Amino acid sequence: MNPSLLQSDHLLSLLLAVPALGAFVVLFMPRQWTRALRLTSVGFMLAEFGLSFSLLSADYSDGGYHFVEKVSWIETWGISYHLGVDGISLWLVFLTTLLTPIALFVSWTSIKTKVKEYALAFLMLELAMLGAFVSLDLFLFYVFWELMLVPMYFIIGVWGGAQRVYAAVKFFIYTMVGSLLMLVAILYLVGAYHQVAGHYSFDLLELRHLIIPRGTQIWLFLAFILAFAIKVPMFPFHTWLPDAHTQAPTGGSVILAAVMLKLGIYGFLRFAMPLFPLASQLIGPTIALFGIIGIIYGAWAAWVQKDAKKLVAYSSVSHMGFIALGLFAMTEHGVNGALLQMLNHGVSTGALFILVGVIYERRHTRLFSEFGGLAKVMPWYALFFVIVALSSIGLPGTNGFVGEFMILVGTFTSNAEVGFGPWGRVFTLFAATGVIFAAVYMLHAVLKIFWGPITHKANEALADLSFREVAALLPLMGLIFWIGLYPATFLDRSEDAVNHFVQDFTAKYDASKLDDSLRLWGVPPAAAEAVADNPAPGDAPSVVADAAGGAR
Amino acid sequence: MSELLYERALIWIILLPLFGAILNGLFGRFANKDIVSALGVGSVAASFGLALICFAHLMTGMGASEQGTQIAVTAYQWFHISLPTVGGVHEVAIDVRFLMDALSGLMTLVVTGVGLVIHIYSLGYMKDDPGYARFFAYLNLFLASMLILVLGSNLPVMFVGWEGVGLCSYLLIGFWYQTPEFAAAGKKAFIANRIGDFGVLIGMFILVSAVGSFEFADINHAAPALTQPFFLGSWQLGTLATAAALFLFLGCTGKSAQIPLYVWLPDAMAGPTPVSALIHAATMVTAGVYLTCRLSPVFLESPTAMAVIAVIGSMTALVAASIAVAQNEMKKILAYSTVSQLGFMFAAVGVGAFSAGFFHVFTHAFFKACLFLAAGSVMHAVGSHSDADIFKLGGLRKIMPRTHAAFLLASLSIAGVPLFAGFFSKDEILLGAAELAYAPEPFSANWVGWFVLIVLGIAATLTAFYMFRMYFLAFWGDYRSAEGGPEAHDSDGHHAYDPNPHESPGSMTWPLLILGSGALVVGWLGLPHEWGLPNWWAGWMSHSIASVPVVEAAEGAEAGISLPFVTSMVFGLTAVTVGIGAAFKLYFNRSDDRFRDAMPRGLYQLMADKWRVDELYQRVLLRPLAALAAFVGWIDQTFVDMLLTRIPSQLALLSGFVATRIQNGRVYTYGAVMSVGLALVTWYFVVPRPLLDAETEGATASFEAAAGMGYAYRWDFDSDGTWDAPLQEHGESFGADRSPSHEYGPEALKSHVLLIAQEDGDDARFVLTDEPQPLPESLLPAGWMEDPSVGATPPSAFFDGERVILRRNSAVVATTGALVTEELIPLSMGERLLLGRLDTNRTSIRVGGLVEATVEVENSFGNRARQSVELVVNVPPERPEADAQASLTTTRDEVLR
């Protein structure tokens, strides 16, 4: 590829263009050319993965956005095509570009019908996910956010299991309901901005300077949170997940767990928390509490599952609870740990779904009762599975430990007003029991699948991992130990953005609080505006939404 | 050699077995057995060699400085966290850093040395196993993890090893994974260990948040500051030291098999015997003792934690020993014996004799590894895979002379026969307890000393008894499973054991003899100080381990016979004499269980059933938890899913269903719908609704009632019973004005209210009377006043006829920046006061007047409806003596700007 193009200012556009171009090419290929279709789509995705390495050329230590592109799109409404990547979204972009080809690659043989459409759906999905991670305009983000649903809906509904239509519709409606409320909240926010600034804007970097009265913040925050909490999914909005996972084909499950769930947390981090700091501080501990319930509840529910894929799905609920906890701890290492744990979960759970897919492809069942003693016939498979399972339960030396450890320390030391106050330690005590329960359900799964004598005749001649499967898993294995032993590669690039996020949040929280108490005092908004100028460390002056105009 | 080379060597001590594990694990399956053996044993031998070199270097430098010599090396920074401090954030690095001092150096020698011997033994023991390469891979991985645990210089790195050894233990217990019970035992061990790991994590967090470092050296240095209280939420739970020590000790009970988490260790004997010897006797299970020694200054800061450890340790020693006397299988007896001996070590730690506890770790590694390997040698000889029943053995003294010799040496050692290693280390422990028991006044925990002394005395007696019971039954008399012997056939008529046992090969017996001689000689490193003999051990340890003042005082004393020393000797020698004597009397050259026959049947059965603790845990813990999990799984599929998916979807379906039913084209359906609609419309028109809304601005209130067909209104603004608009002249009169305004005067007020701004943006109303009433705490922001429960005056307010007087709390209160010094704060209507401390939440308080207004609506049907509303208005104050407050008001104004 032309090196000057790589250094161009349009790197992110290029990143979005590659899967789009791939989809375009695949669209015009004859459907009988299954082999060519697979090669082409994976080829485009690998090119995309390669291209994402040029993102590393920027220096992320300023905590700001890089490769920013901004083009006005619908001028009257202040909608722009605004892209940018910082230390927070950087690794999520990598996660997407790495796992999409792997997910397609492992489905190489299991998907035999409508290969063309399958490849198209994956390319579309990659485009939408990347778009959502790099959008800095709320409208643009919303477009990508909703665009994700479509290919995933078809992936589950067309190539899924026996109850695929039920699962697909459930997935679609669940997520749709949440996002509609978010849309309403976005429109309200833009209206409030218009009241103050005199023009409309969907630009995150402009909207985040808006200081919104407490009551309004709470409602808007709740609307955003619902959309994201469903996507994460957080207890009790998780019930679409086990169905979607069990019905989705392996590739779909991998993408769903590894990347799409991350968008929920990313939404908290990028939108809901910076826009509504007062509300998120007020409601954050409650969300963290639901996270803790999710940790324990998810682990218990995982323990009693009879289907391996369901077990992994519930383990996701448990893990995502940890991530939410770390995020709302609002300590630098808590948030950084949450971010790292997003990567870890993507790697480990992605690998687990691939591994469960391996035995499903051989036996067309995932019930534990159908297995046992596989360590004897599939030693490599057993080795890979045990390593991934151990990383999932956070054994030191693997990736899971670093993330979990940072989250738990972050929660334990989250004693300030911004954070959990006196509850940090109590939260840690309960959340840390998840460490025990994780071992319980994971070792249960390992015991059921691998140890003991072989009880089913069909298992006696199972083939061990094929070269293709090993090739798909090896990068993930490498990451498990890389992140576990030398996380600095990843943390060094994200921590400045995270620190920036925490400081920004705290400053804006203080500004909102001051504004709120002045409002209580009956000080006219003009005075409040003057006050709000100082604490905001951003590049544009803060604007204060008028309570009367915005809220009532 | 330069310092750098030693640092390199330190890293290679760990890396060598790790590479051995990786190579054997990945490729051993395809390789020649000799290569696997060379790799497995060679890497450990090299590691042991390096450890010896490093330790020798330490010894030569010992005493050169106060701290003693150390070899420390930082490989790289793993990750870091940032703790919030007063002045910003404090970055806490978590380095991959290793440190060898006397404590970790000796432990490293034990791990690699005993590990090497056991590796060599395994060459013979595992010769024909199909998982030969896998076995050595796991064993090497274990050694690497154990070395990380021991050499790690901070808590997280230690924790890597701590969980790593747990993993290897899991893998090795379930090594013969095709037997479901073995795999289940592995799982049980891992989960029990994880419960402990939870404790270690929390302990670690407490320490780092208090000290700001994970390094052992920093934590120990800062230990005296850990006496501050530890808060969990708003509850105070002891001091930081107590909380940290007890959470860490929870970890120790898991790893080192103490009450209540010891139950995994006996089951762990399902693994191959070398594993039992190495992991579940000599090294891994002593990690808890190592950790407490490593952090001894922290533990010393908490007498509570020390007492807990002493009591739990000695109770574990006793309970496990009482189970061991009633078991018949060699490995089972040795397993409970291990639990019991670990109890001895913790009892030592608990009475503050850290050095003695760690000395016992050291000697125990030799004699217990020897005993396990000897049991393995016996099993190998009689052809049993799982265990060896001592009642089916006998006479092995002549058949297996080398195994016998080693077993005897180790048994004498563990029983505590003088001059053997176990005698010296056990005596040190008893001495520590006795010193605490006789300690003068400032050490008030004497009862702990006596308790430990007596309980350990009994446990030591039992130890000598069960060891020699096993020894006499297995090695004396005649071989009972021989062809024609009493136990030759089991109930199915099969040969239970090989009728012609034979001595094991040299690769197995030589390690036995090495360890057996170790069981004799290693105790001489720590000869009793009181005999005027050199105690090298205590000298080494003094650089790494803190000691309690009482022990320090005793050690500083002149060599000589002291009262505690005599007491401990009496306890120790009585125990060994009584124990061995009883075993000799009951079992020498006999084959029946005379102890069982002499005991009450029920009690013996309980002991044989391990006090049924496993069953108890099953019943009160595991089954309820499993039931709970099953319940959660069920409720998730039914209830949660129903609430969020099925009910909404059913509602959507239902509405569609209803809509289609109505649109069914039948006239009577439409008729029914129409009449229902008509009824609703009628009701809407016939009943009037005032829907009164009001807003106030100063003293003026503007009202608005709903408009409606033929509505007429009348107003009573002060709810005094007379209609004010239109003015009531004769009887009833309604007007058309639906949105009047009214200006209130002081006479209309029902009462005065304090309006206190609340978090949610609304005002809370507090109605005043002319008697002072305390302001409810719930209405005020937290922290602005002193807690009335500690004797401070509660704030109160009343209306004195002209003004509202706020009597403030005795706390220092500021009004937006300026301090208020007056106790009584007069407030006029409409005046605002911002109350609260400078640094905490502030709230706005103002005075208003409460009025009530009523509207009545009449519609064209003549139906009436009435509605009242309470309003707070701001009636301009009539204050002739306004100058009295002038100064106060200006201050507030200044502040406001």
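Out of all the residues in the range A:391-407, is one or more at the interface with chain B (Cβ under 9 Å from one of its Cβ atoms), in contact with a strand residue (DSSP E or B) (Cβ under 8 Å, 6 or more places away or on another chain) and open to solvent by 10 Å² or more (accessible area, probe 1.4 Å)?
No, that holds for no residue.
Please indicate, with yes or no, whether at least one residue in the range A:469-479 is at the interface with another protein chain (Cβ under 9 Å from one of its Cβ atoms) and surrounded by fewer than 18 Cβ atoms within 10 Å (Cβ to Cβ).
no
Determine which member of the set A:Pro236, A:Pro213, A:Pro249 is over 10 Å from the mean Cα position of the chain (by Cα), farther than 30 Å from A:His194 by Cα and within 14 Å of another protein chain (Cβ to nearest Cβ).
A:Pro236
Please state which one of A:Pro249, A:Pro233, A:Pro242 is touching a Phe, Trp or Tyr at 6+ places or on another chain (Cβ under 6 Å) and closer than 30 Å to A:Ser41 by Cα.
After applying the criteria, what remains is A:Pro249.
Looking at (1) more than 30 Å from A:Thr109 (Cα to Cα); (2) within 13 Å of chain B (Cβ to nearest Cβ); (3) buried (at least 24 other Cβ atoms within 10 Å of the Cβ); (4) touching a residue at least 40 places away in the same chain (Cβ under 8 Å), find the lone condition where A:Ala244 falls short.
(1)
For B:Asn664, all conditions in the list (1) part of a helix (DSSP H, G or I); (2) modelled with pLDDT under 75; (3) farther than 25 Å from A:Ala244 by Cα hold save one; what is the number of the exception?
That leaves (1) as the condition not met.
Can you pull out the residues in the range B:125-144 that are open to solvent by 10 Å² or more (accessible area, probe 1.4 Å) and in a helix (DSSP H, G or I)?
Matches in the range B:125-144: B:Tyr125, B:Tyr132, B:Ala133, B:Arg134, B:Tyr138, B:Leu141.
Table: residues versus (1) crowded, with 24+ Cβ neighbours inside 10 Å; (2) within 17 Å of B:Ser542 (Cα to Cα); (3) outside the structural domain of B:Phe468 (by TED's automatic domain parsing).
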| site | (1), (2), (3) |
| --- | --- |
| B:Arg294 | yes, yes, yes |
| B:Val308 | no, no, no |
| B:Val311 | no, no, no |
| B:Tyr336 | yes, no, no |
| B:Ser340 | yes, no, no |
| B:Ala356 | yes, yes, no |
| B:His364 | yes, no, no |
| B:Ala374 | yes, no, no |
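So which residues in the range B:379-401 are touching an Asp or Glu at 6+ places or on another chain (Cβ under 6 Å), closer than 15 Å to B:Glu503 by Cβ and assigned to a helix (DSSP H, G or I)?
B:Val382
Whether any residue in the range B:171-180 is closer than 24 Å to B:Pro505 by Cα and among the aliphatic types (A, V, I, L, M) is what I want to check.
yes
Quick one: B:Pro648 ticks every box in (1) surrounded by 11 or more Cβ atoms within 10 Å (Cβ to Cβ); (2) of a type outside the set (D, E, K, R); (3) more than 48 Å from the chain's Cα centre (by Cα) except a single one, so which number is it?
The failed condition is (3).
Listed here are the residues, each with its yes/no results for (1) among the aliphatic types (A, V, I, L, M); (2) over 24 Å from B:Arg765 (Cβ atoms); (3) modelled with pLDDT under 80.
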| site | (1), (2), (3) |
| --- | --- |
| B:Val676 | yes, yes, no |
| B:Val686 | yes, yes, no |
| B:Ala705 | yes, no, no |
| B:Gly708 | no, yes, yes |
| B:Trp715 | no, no, no |
| B:Gly731 | no, yes, yes |
| B:Glu743 | no, no, no |
| B:Ala748 | yes, no, no |
| B:His752 | no, no, no |
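Test A:Val169 against the criterion of being closer than 16 Å to A:Phe224 by Cα, surrounded by fewer than 20 Cβ atoms within 10 Å (Cβ to Cβ) and either of a type in the set (Phe, Trp, Tyr) or free of Cβ contacts under 8 Å to residues at least 40 places away in the same chain (or both), and give yes or no.
So A:Val169 does not fit the description; no.
Could you list all residues from the range A:440-452 that are at the interface with chain B (Cβ under 9 Å from one of its Cβ atoms) and under 24 Å from the mean Cα position of the chain (by Cα)?
Across the range A:440-452, the qualifying residue is only A:Tyr441.
Is there any pair linking a residue in the range A:190-211 that is over 18 Å from A:Ser135 (Cα atoms) to one that is of a type in the set (D, E, K, R), with Cβ under 7 Å and at least six apart or on different chains, and which?
A:Gln195/A:Asp546; A:Val196/A:Asp546; A:Ile211/A:Asp515
Please tell me if B:Leu265 is over 14 Å from the mean Cα position of the chain (by Cα), part of a helix (DSSP H, G or I) and surrounded by 24 or more Cβ atoms within 10 Å (Cβ to Cβ).
Yes, satisfied.
Provide a single number: the residues in the range B:195-215 that are more than 7 Å from every other protein chain (Cβ to nearest Cβ), in a helix (DSSP H, G or I) and open to solvent by 10 Å² or more (accessible area, probe 1.4 Å).
The qualifying residues number 2.
Would it be correct to say that A:Val426 is more than 9 Å from every other protein chain (Cβ to nearest Cβ), open to solvent by 10 Å² or more (accessible area, probe 1.4 Å) and closer than 27 Å to A:Leu289 by Cβ?
Spelling it out, it is not the case that A:Val426 is more than 9 Å from every other protein chain (Cβ to nearest Cβ), open to solvent by 10 Å² or more (accessible area, probe 1.4 Å) and closer than 27 Å to A:Leu289 by Cβ.
Every residue, every condition in (1) in contact (Cβ under 8 Å) with a residue 12 or more places away in the chain; (2) open to solvent by less than 20 Å² (accessible area, probe 1.4 Å); (3) in the same structural domain as A:Asp492 (by TED's automatic domain parsing); (4) outside any helix (DSSP H, G or I), yes or no:
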{"position": "A:Leu51", "(1), (2), (3), (4)": "yes, yes, no, no"}
{"position": "A:Tyr81", "(1), (2), (3), (4)": "yes, no, no, yes"}
{"position": "A:Leu92", "(1), (2), (3), (4)": "yes, yes, no, no"}
{"position": "A:Phe105", "(1), (2), (3), (4)": "yes, no, no, no"}
{"position": "A:Gly131", "(1), (2), (3), (4)": "yes, yes, no, no"}
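Assess whether B:Ala244 counts as being touching a Phe, Trp or Tyr at 6+ places or on another chain (Cβ under 6 Å) and of a type in the set (A, V, I, L, M, F, W, C).
Answer is no for this residue.
Being among the aliphatic types (A, V, I, L, M) and either surrounded by fewer than 17 Cβ atoms within 10 Å (Cβ to Cβ) or within 14 Å of another protein chain (Cβ to nearest Cβ) (or both) is the requirement here; does A:Ile218 meet it?
It is true that A:Ile218 is among the aliphatic types (A, V, I, L, M) and either surrounded by fewer than 17 Cβ atoms within 10 Å (Cβ to Cβ) or within 14 Å of another protein chain (Cβ to nearest Cβ) (or both).
Checking B:Thr461 against (1) closer than 19 Å to B:Leu573 by Cβ; (2) polar (S, T, N, Q); (3) part of a loop (DSSP other than H, G, I, E, B): exactly one of these is not met. Which one?
(3) is the only condition that B:Thr461 fails.
Which one is farthest from the other protein chains (Cβ to nearest Cβ), of the residues in the range B:651-662 that are more than 20 Å from A:Phe172 (Cα to Cα) and open to solvent by 90 Å² or more (accessible area, probe 1.4 Å)?
B:Arg661
Residues of the range A:247-282 being open to solvent by 10 Å² or more (accessible area, probe 1.4 Å) and touching a helix residue (DSSP H, G or I) at 6+ places or on another chain (Cβ under 6 Å), which ones?
A:Gln247, A:Pro249, A:Thr250, A:Gln281
Has the range A:311-322 got any residue that is facing chain B (nearest Cβ under 10 Å), more than 14 Å from the chain's Cα centre (by Cα), assigned to a helix (DSSP H, G or I) and farther than 30 Å from B:Pro84 by Cα?
yes
Do you know which residues across the range B:702-758 are assigned to a loop (DSSP other than H, G, I, E, B), farther than 30 Å from B:Asp770 by Cα and basic (Lys, Arg)?
Within the range B:702-758, B:Arg738 is the sole residue that qualifies.
The values are calculated or read from the model by the stated rules, or taken from the named source; none is laboratory data. All of these numbers come straight from a predicted model, not from anything done at the bench. Neighbour counts run over all protein chains shown; Cβ positions are idealised from the backbone, glycine included. Only protein heavy atoms, including side chains, enter the accessible area calculation; ligands, DNA and RNA are left aside. Shrake-Rupley method; radii C 1.70, N 1.55, O 1.52, S 1.80 Å.
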